[in-house]
Amino acid sequence: MTCKSALLKLGVALVFCSLGVHGARAWQADNGDGTFENPVLYADYPDPDIIRVTNDFFMVSTTFVDNPGITVLHSTDLVN
């Protein structure tokens, strides 16, 4: 490893540390006190279909890019 590449890697690591990347958490919309933040879903779900089955909500979405298939999301309160 050259001195230049070592310094570059160190610089990138310092930038990520200063941004808090090592302690990064997944997006959580629920504030835990009965309120929530928008967006509830921090992602792009194309062509969503949502149904309610008794007290459960299900959302399906296509996956155009990743893999052929369907993403299935489940919620009981439309936030979590």
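Can you pull out the residues in segment 24-69 that are modelled with pLDDT under 85 and acidic (Asp, Glu)? Within segment 24-69, 44, 47, 66 qualify. The criterion of being at pLDDT 70 or above, part of a strand (DSSP E or B), surrounded by 10 or more Cβ atoms within 10 Å (Cβ to Cβ) and not polar (S, T, N, Q) does not hold for residue 72.
All conditions in (1) of a type outside the set (Gly, Ala, Ser); (2) at pLDDT below 80; (3) assigned to a loop (DSSP other than H, G, I, E, B) hold for residue 16, with the sole exception of (3).
The values are calculated or read from the model by the stated rules, or taken from the named source; none is laboratory data. Quantities reported herein were computed from a predicted structural model and do not represent experimental measurements. Heads up, the Cβs are rebuilt from the backbone with ideal geometry, glycines too, and the neighbour counts pull from every protein chain shown.
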